[in-house]
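Engineer: What follows is a single structure, and I will ask about it in a moment.
What follows draws every value from the coordinates through simple rules; no lab data is involved. Predicted model only: the values in this text are computed from it and were never measured. Don't worry about glycine lacking a Cβ; one is built from the backbone with ideal geometry, like all the others, and counts go over all protein chains shown.
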Amino acid sequence: MRKTAAVPTTSDFERMLRGVSLRVTRPRLAVLSAVHEHPHADTDSILGVVRADLGAVSHQAVYDVLRALTTAGLLRRIEPPGLVARYEARVGDNHHHLVCRSCGAIVDVDCAVGEAPCLTAAEDHGFAIDEAEVIYWGVCPDCSTTSS
């Protein structure tokens, strides 16, 4: 299992934003920080963290920032069936997710095969496939212990 990296600093976030030609703004810095500190958080959770940091900020502003950061490749949006969209800062490394059927907890799992895409489609229909997304479903250790 991959170790969690330390949360980048504000100057790291500023470099990331400039590296993808986005202006450095307080909301963008706050959202990047929130997602790095709370991987797989939903929009409402991210909004709460951002408001604790900046004070008043609208839902729409956070949605707009999440969209811009996802489009720029700094964040990844995941949406397991039946759950709200979640955001993570681990991008571009072809990892997958484990989702608890009971509490909805999500954790990263490295690809079992290696390089992207880690699965080969039986027929590509002319697509240039560059990624395969896998979601493993089960019950996390906490829920497993609670139900026994």
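Engineer: Please compute, over every Cα-Cα pair in the stretch 10-78, the percentage with a separation greater than 19 angstrom. Kindly include the intermediate steps, with their values, before the conclusion.
Structural biologist: Numbers: 518 of 2346 pairs.
Looking at the stretch 10-78, the distances longer than 19 Å represent 22 percent of pairs.
Engineer: Using a 7 Å offset from the Cα along the Cα-to-Cβ direction at both Gln60 and Ile135, what is the distance between the two label points in nm, to one decimal?
Structural biologist: Taking the two extended label points, one gets 2.9 nm.
Engineer: Here is a further query. In nm, to one decimal, how far is the Cys143 label point from the Ala52 one, both placed 7 Å along Cα→Cβ?
Structural biologist: Each label point lies 7 Å from its Cα, and together they span 2.4 nm.
Engineer: Could you size up the charge dipole of the chain around its Cα centre, putting +1 on the beta carbon of Lys and Arg and -1 on that of Asp and Glu, and report it in debye to the nearest 20?
Structural biologist: Using only the charged Cβ atoms, the result is roughly 620 debye.
Engineer: May I ask for the percentage of alpha-carbon pairs in the stretch 60-148 that lie more than 14 Å from each other?
Structural biologist: It works out to 71 percent of all Cα pairs.
Engineer: How many nm separate the modelled label positions at Ala112 and Arg18, each set 7 Å beyond the Cα in the direction of the Cβ?
Structural biologist: Using points 7 Å along Cα→Cβ, the separation is 4.4 nm.
Engineer: Turning to a different aspect of this structure: Which value in deg cm²/dmol, rounded to the nearest 500, describes the helix-derived mean residue ellipticity at 222 nm for the chain, given -39,500 (n - 2.57) per DSSP H run of n ≥ 4 and division by the residue count?
Structural biologist: It comes out at -11000 deg cm²/dmol, rounded to the nearest 500.
Engineer: Give the calculated FRET efficiency between Thr120 and Thr70 to the nearest 0.05, with a Förster radius of 22 Å applied to their Cβ-Cβ distance.
Structural biologist: With a Förster radius of 22 Å, E is 0.25.
Engineer: How far, in nm, would the chain grow between Phe127 and Ser45 when pulled straight, counting 0.36 nm per residue and subtracting the alpha carbon separation?
Structural biologist: Using 0.36 nm per residue and subtracting the Cα-Cα distance, I get 25.9 nm.
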